[in-house]
Structures are given as C-alpha cells and as structure tokens.
Amino acid sequence: MKRTFAVVTDSTADLPDDWRERYDIEVVPLKVLFGEETFRDGVDINNREFFERLATSTKLPTTSAPSPGEFAEVYERLAKDYDGCISIHIGAQLSATAESARVGAQSVEGFKVAVIDSETVTMPMAFLCKVAAESASLDQATAAVKQRIPGCRVLALLDTLRYIEMGGRVSRAQAMIGTMLDLKPLLLVKDREIKPVDRVRTRSRAIPRMLEFFESDLPVEYVGVMHAQAPEDADRVAAGLRERHPDLEVPISQIGCVLGTHTGPKALGLVYIKK
Amino acid sequence: MSPELNQGVDGPLFKRALLGSLSWLSANHEEVNRLNVFPVPDGDTGTNMLLTLQSAVEDIKESDAAEVSKIAKLASHGSLMGARGNSGVILSQIFRGFARAVEGKSSLTPAELAAAFEEAANAAYRAVNKPTEGTILTVAREAGRAAAAAAATPGATVPRVIAAAADGARAAVLKTPSQLQILRDAGVVDAGGFGLQVILEGMLKTIEESESLNGALAMSRPQTPVASQMAVALPEEGWGYCTEFLIEGSDLDLDVIKNQIEALGNSVLVVGEPELVKVHVHTDDPTRVITLAGRHGKLLKLNVGDMSTQHRRILEDEGQAARAPRPNGVGLVAVVAGRGLVEIFRGLGVDAIVEGGQTMNPSTQDMLTAIESVPYDEVILLPNNKNVILAAKQVLGLTKKKVHVLETHSVPQGVAAVVAFRAERPGAENLAAMKVEADRVHTIDVTHAVRDSRSNGLKVKKGDVIGLINDKLEAAGSDYAEVVNKALGKLDGTFELITVYRGKDATDDELAQLESEIRSRYPGLEVEVQQGGQQHYPFILSVE
C-alpha cells in the first residue's frame, strides 16, 4: 500500500547507500562552500570528491542550510502526490536547517508538514526516517519519531580536533584537550550537546574504547557505523558489533560533506538509538 | 527645494539602494564574521548574510521595473530562495515584510518607507519561533522605530528616513551586549544585527552619493556619517574596559549619574538607591569614569576589566572547562622539566608541576608542597623519572592527603598516563587505567655519554650519542638519526605513533634529519614532533 505521507530529511542524515529507494526518502541537500564556490551536498559533490578537496584546500569550507524557498519547492512538489509529510532534520543547535524547513513549510498551503528537530546529526536521523517510513500514518510517524529522539546517540572518534574546532562547534577545552599534543577526541552527541567521552593517542586504542562505551549503554534498538574515508576501520567496528549482537543489523554509511566539514577526514562514528 | 529632494522611493532608486547595500556588505562581511558568537560561534554570519543578499539582488540587476513594489517582490523572492543561516533566514523575512508593506505601490513617500521598515521588522519577529532580544530582530525593530520618528518630523525626506534607520540600527547594535549574555561574555556586538546595520548604511551611502551627483542637496547629514567605518574599526581599537563599582553617598541622583556615565561609554547600567548606586559601563576611558563618579561619593568594589583581553581569552579557550572542579575529586601532580613539556602536562590537565628530572631531582619537600597546593584531597603523583620515584614515595607519610605514586619512569610514560586520566572516574580506577597505558609506551632517550663506559655489551666513549630504551643502553653512534634508527630496530611489536619531544639543545637541522630518517624508514607510522625544551636530552621519543 502506498504511503499517504512523504518522508523528507536533509543530506546530513547520511543515509546508507540504498535507503533512499528502499524507504522512499526525499533528501534536501545542505550546501558546502569552498570560498566562493557552492556545492549542494551529495548533488554537486560526492563524499570522495569532497574529502579530496578538503585535503588540498587552504581555507576550510563552510556549510549552510537549505533556504526556506528550497524547502517550499520540495513540499510543493510532494503536495501533488501526498497529503502531508514528515520532515526530519539536523538538530537546531547545530544548524538552521529545521528553522528553514519550518519557514518554508509556512508558504505551502493545504499540505501538512511535521517538521522534526532531531536534536542530533547523521545516521540516527536515517534510523528516524526508517521509523517514519514504516509507520501507518503521519500522526503515528510523528509520534514514533519524537519518542525516539531522546535515545539518539552519536559516538564519534575524530582523527584531529582541527576541523571541529575551526567550525566553532567544540573547543579544545570542551574536548578535554587543552594541549598542543595531537590527541584524538572521542565525543558523544547526546541531548543536544557534544560531550567528551575520552581522548586517545592512537586509533587502534580508540576502537575498543568505542565498543566498550557502547556495551555500557545498552539496550539499543538501532545501531550503525559511520566513517569518513576510513572503510577498513568502520568494518572493524561493525565486525565487533555483529559478533556481540548478531540480532542487530549494522548498516555502514559514510560521513557526508556537511558533517565531514566539521569532523575532517578519517573520523569514525558509532551511532545508535537506545531502547 | 529641488524636485529631487521630494523624490519618493521608486523602483530604480530602491534597486540602486540594494546594490549599494550589497557592495557595502561585501566589503564588510569578514568583519561581521568575526563578531559571530551567537547562536553558534562559527564565524559565518557575514558570509551567510552576503550570500542571502546576493541572491536577493540577483534578479533585480536585470530588472528595470519602475515600481518599487516589483523590485521589493524580486528581493523578497530571491532572498527566500538564497537564505543561508539564521541571520540569512531572518533577513529574507525582513525583505518579505517590506515587500508586503509596499505591495501595489509605485513609489514610496518618506512616511510609507518608514512604515515599510517597521512592517519588515514585524514580519521578522513573526517568522521566528522564539525571538531573542539583542539580535538582528531588535536591530530591525529599532531601525524601523527610528525611521518612523524621522518620517514624523516636518520636512522629512527619504535620505533622512534612511539615515535615521541606519542610525537607529547602529545604536541598537551597540546595545546588543547588554541584552544578550553571550555577547557580553565575548565582548562583541551581535553579528547579525551588525550585518543589518551595514546593509542600511550601504543604502544610505548610495542615496547620498546619488544625491550629491544630482547636485541637488546638501543634506543634513546624520551625526556620524558613514557610521560603519567607526563601527567596523571597533575591534582594532579594542573593546574598551568593563568598569564596575558602587558609589556610597547620600542623596545620590541616579539620573544625573546615569547621564554623565552615558556620555563616556556604552552598556551603561546605573541602578540602586540614593545611598548606594551600582554602576556598570563599557568605556575606553575608565579613569575619567572613576574620577567623575568619585565626585558623588565613596567608590566601593571597583573592578576594571580589559574586554580585549577577555575577548582574547575566550579565543584562546582558557574556558571554564579546564578549571571546573573534577567530579572524582582527584588532583594530578607531575614532575617535569623543560618549558614545552611543562606546557604539555598543564594542557593535559595536570594541576601542579614540580620542576625537575634526570639531573635536577626534586626534593620530597618540593613534591609535598605541590601536593598540598592542589585543591583535592586525593592526588596522583607522577615522578616521570626513575631517579625521582624514591623521593616521591617519601611523600606518602608526610601528608594527610591520600596520595598515589604512579611509578612513571619517563616523560612518555607520564604523558600516556595523564591522557588516560578521566575526571569522572574514581581515583583507584584511574590509577589502574593509567598504569596500563603507561606500560604500553616505549621510551627512547637520546643523549650524550658523559664518560667512557661499557654497558649492556656496548662500548661508548665520552661524547658519543647514546640511545636508551626504557632506561637501558641499547644503541650508540655518532649522530642522533643513526642512534634512533638502531634503537627503533631493537623494539619488538607493531607501532602506530612516534612522538618526538625535541630538547633544548637539538638544532633544526638535527630535528629535520631525524624526522626524515624515521619517516622514510617507517612510512606507515605517524610521526609527531613536540617542542619539549628539556635539557640534556636532545630527543626523547615515545613509541606506541
């Protein structure tokens, strides 16, 4: 049976490769700016091209939310086929996207848009989209998604603090790194905040720490692994998870351009929604 | 009066004004970026506003519409399509409100223009979920109010209304730090509000220029013409001093004091009673403020803070996070020598440093003093040298505090241990985890033999370069790179990271040679160089 409502998200959901088709999700791209050049995340630039450019760029890129007009265009198009939509977006503490969606929705009449501030970023949003897509009605989808927002977690290992620091989202002191030493921070996105969990000197020490942290935070409903151009490490984390939790599907997805601007290359993420 | 003076705002004029805004914002957007601390200090407010305005103006460039309503509509649509960031979205709503207000009009009288400014601000307020004062919203409203006031005066003209709006915006921007704590803390004005000020000033500049081109008018200029140049230059001049005090006296007149103080600065706050008045002001001249206030009574609790320093401090990130008391109540004390190493240990969160090491063993008393100075009853002490461990252990019987001596033999072990320390974990658990990490690290000390000797099967002459792995002589040779190579070759196992702590006596060339040698021999390894500044050991290497 065809859904009567559409599922919309933005490109920071970092959907696994085939989810867009599998769950019929509409993705509105954020933008990445290298100097004066603007790229739509995942449309004008893919992840590989982005990280290649990031490596050679002298000035760090910046990111920006889709405009209200762009959201309005998407909603107007969807209004032809659906009664309404749920629009799930990156946490408002991190981006103006949800606000932009809300303003955009105001200009489309007769089409119900439930804009959701996910309070999180990246693949937990993908899980929320899946939850919405599998719901029977827009109201049920909205309720099911909202219920899961407090349980969303992103445990991220950054290879360097440089990018997130330059982006202004986290300072060295906040990451427990008040030193010149090149430490790799382990950060947790939870309850609208980015908090330090640990700091390590080497990647091989970090992966067991990530798994250990995850095990202390059970039970979980969904879990996935993210990486920024570090597929082997992601496979190692996923293998560790599958070994201990054979019942859980562990999708692997890539950190996209917008999030990548703040994490930098070689970041690893263990993302989940608590039960 | 020339006819131009009474000219209303028609399509071509509004178009020119917007293009002027764009070029003025374009010239100043980096300045706006630098102010950006709210809601997220990511330094892109100016860029976002510029891109939004560019998008607003895009279609206008091609249009030769005579009606102001058509140009305003294009701007509204373009800005909505191109809106970026919070400030950009709000700016687009300002354009939207303006366009609605001027719908169907071909030209605006000064009063109509002012009304449109006010409606623009109202639309922006309505669009935002939780309007915050002290932001672009407040600035838009104040600009609208000032424009309305100017339009209500006899002989009002379009340039005067715009000048009043720009002035109103500037005044509102200067007040934003008193409305928003985060701006006050950062010692900046609101970036988005400042961006709007720049946009209005851009309009004003354009209109003034075209007026003078027409040769029509010697307009009564606003009190600070092209106000932005002053405002833009503000950061270079510093943020002034945050000056606070109490005045004790009798029959103090708050209004009089307030008027006097207001002339000397901004963010002025004068509150209290006739016997005791609290004064707060941001001023470039605290001495004058104090002298003046002193005439009214006795000054108490005087506090003058350099806001430029406050701002720098925020930039340098010596935030509260590093200073907040630890939940586990455990302090850290380390024995280290060398300026760079001291910095590294401090940066990692060590509370007190005892200067010392290989040739300068600190006394038990030195360590005891450091331990007593730390605001925790439980302390982990890191000797970081095997010759210090014994003296460190003597501390145990001399203090009421619960002291753990973690027997780190070297700087690399000490660093590894401190990295593993976690503020929310109890002392005993921390100690165990720190020990595991310390034991995981190999240390290579590189120095010169002080005399001829034979040790561990190696014969060395005085002055030879020697390498010690975990305190044992394992390599000797004539230069640092050679000895490090030999030492690395003797280590078993797989490694990921080599940290080189450069000593005081190592030259740039020696460092470069060592680094390139390690990188070419071990291409898969990460190599990190830190300025240790230690004496006697040109290089200390941490291998993990």
Could you figure out which of (1) surrounded by fewer than 20 Cβ atoms within 10 Å (Cβ to Cβ); (2) at pLDDT 85 or above; (3) more than 14 Å from every other protein chain (Cβ to nearest Cβ) isn't true of B:Asn328? (3)
Starting from residues that are surrounded by 17 or more Cβ atoms within 10 Å (Cβ to Cβ) and either over 25 Å from A:Glu76 (Cβ atoms) or among the aromatic types (Phe, Trp, Tyr) (or both), keep the ones in segment A:1-31 and report whichever is nearest to the chain's Cα centre (by Cα). A:Asp14
Filter pass, A:Ser204 being surrounded by fewer than 23 Cβ atoms within 10 Å (Cβ to Cβ) and part of a strand (DSSP E or B): no
Count - residues of segment B:441-471 that are in contact with a helix residue (DSSP H, G or I) (Cβ under 7 Å, 6 or more places away or on another chain) and in a strand (DSSP E or B): 7
When you scan segment B:133-144, do you find a residue that is within 24 Å of B:Ser92 (Cβ to Cβ), more than 14 Å from every other protein chain (Cβ to nearest Cβ) and polar (S, T, N, Q), even just one? yes
Selection from segment A:40-76 of residues that are within 16 Å of A:His262 (Cα to Cα) and in a strand (DSSP E or B): A:Asp41, A:Thr62, A:Thr63, A:Ser64
Subset of segment B:132-180, residues over 35 Å from the mean Cα position of the chain (by Cα), closer than 14 Å to B:Glu112 by Cα and not basic (Lys, Arg), comes to B:Ala148, B:Ala149, B:Ala150, B:Ala151, B:Ala152, B:Thr153, B:Ala156, B:Thr157, B:Val158, B:Pro159, B:Val161
Within segment B:226-234, can one find any residue that is at pLDDT 50 or above and at positive phi? no
In the set B:Ala512, B:Ala481, B:Ala432, which member is of a type in the set (Gly, Ala, Ser) and closer than 25 Å to B:Pro383 by Cα? B:Ala432
Would you point out which residue out of B:Glu515, B:Glu510, B:Glu526, B:Glu496 is under 29 Å from B:Val418 (Cβ atoms) and either in the same structural domain as B:His409 (by TED's automatic domain parsing) or exposed (fewer than 15 other Cβ atoms within 10 Å of the Cβ) (or both)? B:Glu496
If you check every pair at least six apart or on different chains, which have Cβ atoms under 6 Å apart with a residue in segment B:518-535 that is away from chain A (no Cβ under 12 Å) first and a residue that is of a type in the set (S, T, N, Q) and surrounded by 15 or more Cβ atoms within 10 Å (Cβ to Cβ) second? none
Return the only residue of B:Asp351, B:Asp255, B:Asp317, B:Asp306 being more than 14 Å from chain A (Cβ to nearest Cβ) and either closer than 29 Å to A:Arg199 by Cβ or at pLDDT 75 or above (or both). B:Asp255
Count of residues meeting criterion [part of a loop (DSSP other than H, G, I, E, B) and under 11 Å from B:Ala334 (Cβ atoms)] in segment B:346-361: 6
Give the residues of segment B:499-517 that are touching a residue at least 24 places away in the same chain (Cβ under 8 Å), over 12 Å from B:Leu341 (Cβ atoms) and β-branched (Val, Ile, Thr), sorted by residue number. B:Val500
Select from segment B:277-301 the residues that are surrounded by fewer than 15 Cβ atoms within 10 Å (Cβ to Cβ) and at pLDDT below 75 and write down the one among them that is farthest from B:Thr243 (Cα to Cα). B:Leu300
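The values are calculated or read from the model by the stated rules, or taken from the named source; none is laboratory data. Values in this document were obtained by computation on a predicted structure and should not be read as measured data. FYI the Cβ positions are ideal-geometry reconstructions off the backbone, even for glycines, and counts take in every protein chain you see.
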